[in-house]
1. Would you check which residues across segment B:430-469 are within 19 Å of B:Leu487 (Cα to Cα) and touching a helix residue (DSSP H, G or I) at 6+ places or on another chain (Cβ under 7 Å) and list them?
2. Out of all the residues in segment A:66-87, which are in contact (Cβ under 8 Å) with a residue 24 or more places away in the chain and out of contact with any strand residue (DSSP E or B) (no Cβ under 6 Å at 6 or more places or on another chain)?
3. How many residues does segment B:11-25 contain that are open to solvent by 60 Å² or more (accessible area, probe 1.4 Å) and either in contact with a Leu (Cβ under 9 Å, 6 or more places away or on another chain) or modelled with pLDDT of 80 or more (or both)?
4. Condition (residue is within 11 Å of another protein chain (Cβ to nearest Cβ) and under 27 Å from B:Ala577 (Cα atoms)) applied to segment A:35-45: is it met by at least one residue?
5. Among the residues of segment A:88-113, count how many are buried (at least 17 other Cβ atoms within 10 Å of the Cβ), free of Cβ contacts under 8 Å to residues at least 60 places away in the same chain and in contact with an Asp or Glu (Cβ under 9 Å, 6 or more places away or on another chain).
6. Could you say which residue among A:Lys31, A:Lys52 is closer than 20 Å to B:Ser634 by Cα and out of contact with any Phe, Trp or Tyr (no Cβ under 8 Å at 6 or more places or on another chain)?
7. Taking segment B:560-579 only, how many residues are within 13 Å of chain A (Cβ to nearest Cβ) and of a type in the set (S, T, N, Q)?
8. Can you tell me which residues in segment A:23-34 are in contact with a Cys (Cβ under 8 Å, 6 or more places away or on another chain) and either open to solvent by 10 Å² or more (accessible area, probe 1.4 Å) or away from chain B (no Cβ under 14 Å) (or both)?
Amino acid sequence: MMNLSIEDTEGIRLVTVPGETLDASNAKDFKAALMPSLVTGGKVILDLSKLKFVDSSGLGAMLSALRQLNGVSGDLKLCGMNKPIRALFELVRMHRVFEIYNTREEAVRSFRNEGPAA
Amino acid sequence: MPNDQSIASEQALTPSDASLTHRLRQAFSSLSALRNIRLEFRTGAGNSVLLLDGPAMPDPLQFRLGESNGCVLLHENASSDTERFLLKTAVGAILDKAEVEKREELLLDELGTNWESLEALYEISTDVLRFGDVRNALSRLIERFASLQDGMHACLLLTRNGILHPLATGTPVPDDISWDDLGALGQTVQESRTFLVNGRGAGREHVAVVPGKVMPWTTASSLAAAPITSRRQTVIGLLLVWRDDSLFIFDAPFSRLLEAITHQASMLLESDRLNRTMLENDRLAKEIEIASSIQQTLLLGHAPVGISWLRISSVSAASQQIDGDFVDFLKHDNSVDVFIGDVMGKGIGAALVGAATKSQFLRAIANLAIQGKVPSPVDIISRAASRLGERLIELERFVTLCYARFDSVRRCIDFVDCGHTGILVHRKHTGETFFLRGEDLPLGIYMVDEWHQHSAPVMPGDTFLLFSDGVTETKDPAGELFGDERLIECLESWSSLGPDILLKQICSQAEEFRSGGPQTDDFSCIAIQVSADADDNPIAIQNGEFLCETGELPAFRGWLEASLSGIEPESMMRLEAAACEIFVNCAVHGAAHTRENPICVRSFMGEKHVRLEVRHQGPAFDPLAIPPPSFDGSRDGGFGTFIVMRSADELRYCRDGEINLISITIIRRKAPEAT
């Protein structure tokens, strides 16, 4: 089971994805570890700043999380993507589906309606 | 006692009148002795037959006989009104019964006559089916009809350019009769009505007598005619019958028979017309098939193969089997020429102009080549246009055309665009897609002395599309155009798989867009792809082997980064994205024997490109069968193949037995220089 770092601050759940890759080799573990944090809905931020590589399986796991949260009136925002991961999201047009922010702070602010989206 | 009327013999009566008189005499013979009844029978001709010889009374009861002028006179001296009423009723009943019987006999006669006619019609119809010759069938019809009565003549006349020509006749008839020559008969028939007249001199009275034309019916004592009509109920002729004697008259039943015969003749003529139309259509269809085959040979050149730095493919589909699009290819020592043209309009006419235009271009190239060097595109256009322009203007046709040369030495494309659709280019190196366009007018608009040639660089991984407007003007059922945007989407999505698959996918997408609607314009498309690794030999090659399982993915990524260390981050990112998707696909679909079935990889690094080859035993892979991913986030999967095709600049796939061989080439992108 993947060890996710989870912090709850003022009603926002911050989940940091460990490791440098999210691909076919660990995407199932990631989904299994993340799922308990999603079942109650709420505001969730996925911090991808440690990731260096994401493939279509990793992308699919994040899409699954988004749909799970939307199904229980929750919301998911992403932050901390490096350039290659951002390029992958743009290649498959997922930057139109996810709300993506440069930093964790920007994502938190957007949840609090304190700042503009990245 | 006989009265003042002449007394005729009963033997002179017609059979039906004789039968009637017999009945009347029988019915009243016993009464006459008691009541002094006198009964007279008067024929229509005025002759009288005395049936019961009683005393003549001053005011006898008179009974009319049907439609004739005959009557029965009853002289009686009844003692009461009741007795008179009974006598009157008795005579009336006998006469009514006789009238009914007479009608029955007439109906039976008519039925018998018509039955014979139907038999004749049936036989003739069978003849038509057997011989398929309408003239022969009509002659038989007329001959058989005329034979129904001894002494009857019949003639079928059909109009051609306002003149009636005999088509079937047993009697010589002039070949140049007009409707006016037929007088009242002609006028009646032209009004789609049947003409019928009896009596001495009928022909002379009702049909005009034209000096110099011997029309046999002018001496007729009975004359009848009915119209022959086309399927649109237009009178196209008539069937004319006549008798010179008075043995028979043409009555109402005969009129119906005549109409039935003319109806049959009309059907025979219509059937013949349809048969001839069908044969003509068959002949035309065969001609179009042959012309289409010739067009495929003459107008559509074959894409050349065996060019080291280019891969070329073309497709052409005509909207009406024969089209005005033409394409051709010419290989020179250091270049390849591609030209595509579209003649305004469709069908055989457009194809002929296309063939002439193409022929003129080939002649221009041959003539200019005599001078010892490969002529430039603009020289070829100028030469061909100078010879074609005036002719096209005279024909009121114009031709849009694009002539492009791919030069392997200068690594550029030289082209002249004469009002064509432009050249669509997808450049893998930069990810851009753009049009190359010229400003010249189509050939045949007006005479032009100066044409303009343009040049643009050609880069490894570039894909060029030359196409006719039938591609972007493909319409969906609502009338929306396929358009440039959808074509660009196809080009960007599928060009990495090579020109063959790209064109298949463009055709497939356009067909899907039409949703079963007709292809209204000619559809021609040429794809030219510059090899991503053209003229770039590898400077480092590495081999690797991994277990066929997704858990090996980190090790594979490590090997890839080590093997290709030093390449630009963007190039590495693209290769890594595509390579990992392929590795996972191999692991997921061929994982039955992970140790016996390793995933073998080999990397090539050149100065301008990097390439990864993957070799693995597994099921065949058809990129065209994979549905596109859902970009709205509604599905998790389906992105893998899309990522591979969009990340790789060139993707090649083939099978070697049960082995999948996949090659990914990435053009090295130089990192932007620091400012």
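The values are calculated or read from the model by the stated rules, or taken from the named source; none is laboratory data. This one's a predicted model, so the numbers in the text were calculated from it and none came from an experiment. Ideal geometry is used to build each Cβ from the backbone, glycine not excepted, and the neighbour counts take in all protein chains shown. Protein only, heavy atoms only, side chains kept; ligands, DNA and RNA dropped before computing areas. Shrake-Rupley method; radii C 1.70, N 1.55, O 1.52, S 1.80 Å.
1. Answer for segment B:430-469, where residues must be within 19 Å of B:Leu487 (Cα to Cα) and touching a helix residue (DSSP H, G or I) at 6+ places or on another chain (Cβ under 7 Å): B:Thr433, B:Thr463, B:Leu465.
2. Selection gives A:Gln68, A:Val72, A:Ser73, A:Gly74, A:Met81, A:Asn82, A:Pro84.
3. Within segment B:11-25, residues that are open to solvent by 60 Å² or more (accessible area, probe 1.4 Å) and either in contact with a Leu (Cβ under 9 Å, 6 or more places away or on another chain) or modelled with pLDDT of 80 or more (or both) number 3.
4. no
5. 4
6. A:Lys31
7. Matching residues across segment B:560-579 total 1.
8. A:Ala24
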